[in-house]
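Any read-out appearing in this document is the output of simple, stated calculations on the displayed coordinates, not a laboratory observation. These numbers come from a predicted model, not from an experiment. Cβ placement follows ideal geometry from the backbone for every residue including glycine, while neighbour counts extend to all protein chains displayed.
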Amino acid sequence: MDKPVDLIEFETMLLGRYMHLLTPRARGCTDRLDRSAYLLLSRIQTQGPMTIGELSAAFGLDASTLNRQTAAMLRAGVVERVPDPEGGIARKFAITHEGERRLEADRARNVNGLLKVMADWTPEEVADFAAHLSRFNRDIESVDGRQWPRG
C-alpha cells in the first residue's frame with residue numbers, strides 16, 4: 001500500500017466486513033432488522049414518511065427493489081402506508097411503533113458493540129474519529145449528489 005488512500009480503501013473494505021461482527025445475531029434472535037430495513041427505517045425516521053419514488057431518489061435504487069423491501073417491512077409490521085401528509089396522491093411509508101422499537105433496539109446493540117471496540121480509546125480519540133467519519137460520509141454524499149438528512 002503505497003499511498004494513504006490505498007490504506008483507506010483497504011480499511012473501509014474491512015470496516016464493511018466487520019460491522020456485522022459488532023452485534024452478531026444471538027442464536028434464536030428473530031427481532032433483528034436486516035440491513036436494508038435498518039437503512040430504510042433510519043431514513044424514514046429522520047425524514048418522515050416517504051413514497052417509493054422518494055425512497056428511490058434517496059437511495060438510488062429502482063422501484064422494484066424497493067417494492068420488495070417495503071413489502072417485507074409491511075409484513076413485519078415495521079412500516080405502514082399512510083396518506084401523504086401534504087395532500088399528494090401517492091401513499092407514503094411511515095415507521096410504526098414496532099419499527100421504532102426494533103430500530104432503536106438494533107441501534108442500541110450497534111452502539112454497545114462500538115463501545116466494546118473503542119473501550120480503550122480516550123474521549124478525544126472517539127470524538128476525532130466521529131468528526132473524521134462524518135466528514136468522510138458528507139463528502140461521499142456530496143460526490144454522489146444525495147445528502148442524508150441529519151437531525
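Brief remarks follow.
- Taking segment 36-151 and dividing mean pair separation by its residue count, relative contact order in percent (alpha carbons under 8 Å, at least six apart): 28
- Loop-located trypsin sites (Lys or Arg not before Pro) across segment 87-151 with a Cβ neighbour count of 10 or fewer within 10 Å are ARG150, with loop assigned by DSSP.
- Formal net charge of residues neighbouring VAL78 (Cβ-Cβ distance under 12 Å; K, R +1; D, E -1): -3
- Of the residues VAL111, VAL126, VAL82, the one that moves most in a GNM of the chain with alpha-carbon contacts below 10 Å is VAL126.
- Cα coordinate range in segment 98-143, projected on the principal axes (Å, largest first): 33, 33, 12
- The mean of 1/r over all pairs of different alpha-carbon atoms in segment 35-96, once inverted, gives a Kirkwood hydrodynamic radius of 11.4 Å.
- Computed from backbone phi with θ = phi - 60° and the Karplus coefficients 6.51, -1.76 and 1.60, the 3J(HN,Hα) list for segment 59-75 is 9, x, 10, 7, 4, 5, 4, 5, 4, 5, 5, 6, 5, 5, 5, 4, 4 Hz; x is used for glycine and proline.
- Unit Cα scatterers, Debye sum, the chain: log10 I(q)/I(0) for q = 0.10, 0.11, 0.13, 0.21 Å⁻¹: -0.45, -0.54, -0.75, -1.47
- Residue-wise HN-Hα coupling along segment 107-121, computed from phi with Karplus coefficients 6.51, -1.76, 1.60 (Hz; x: Gly, Pro): 4, 5, 5, 5, 4, 4, x, 5, 4, 5, 5, 9, 4, 9, 7
- Segment 8-96: GluC sites (Glu not before Pro) in DSSP loop, at most 10 other beta carbons within 10 Å: GLU86
- Cα-based shape type of segment 69-151, given that a ≥ b ≥ c are square roots of the gyration tensor eigenvalues and the cut on a/c is 1.5: oblate
- Extended-chain gain in nm, criterion 0.36 nm per residue less alpha-carbon gap, LEU22 and MET118: 33.4 nm
- Net charge of neighbours whose Cβ lies under 9 Å from the Cβ of MET50, counting Lys and Arg as +1 and Asp and Glu as -1: +1
- Over the residues of the chain, the helix contribution to mean residue ellipticity at 222 nm works out to -21500 deg cm²/dmol, using -39500 (n - 2.57) for each DSSP H run of at least 4.
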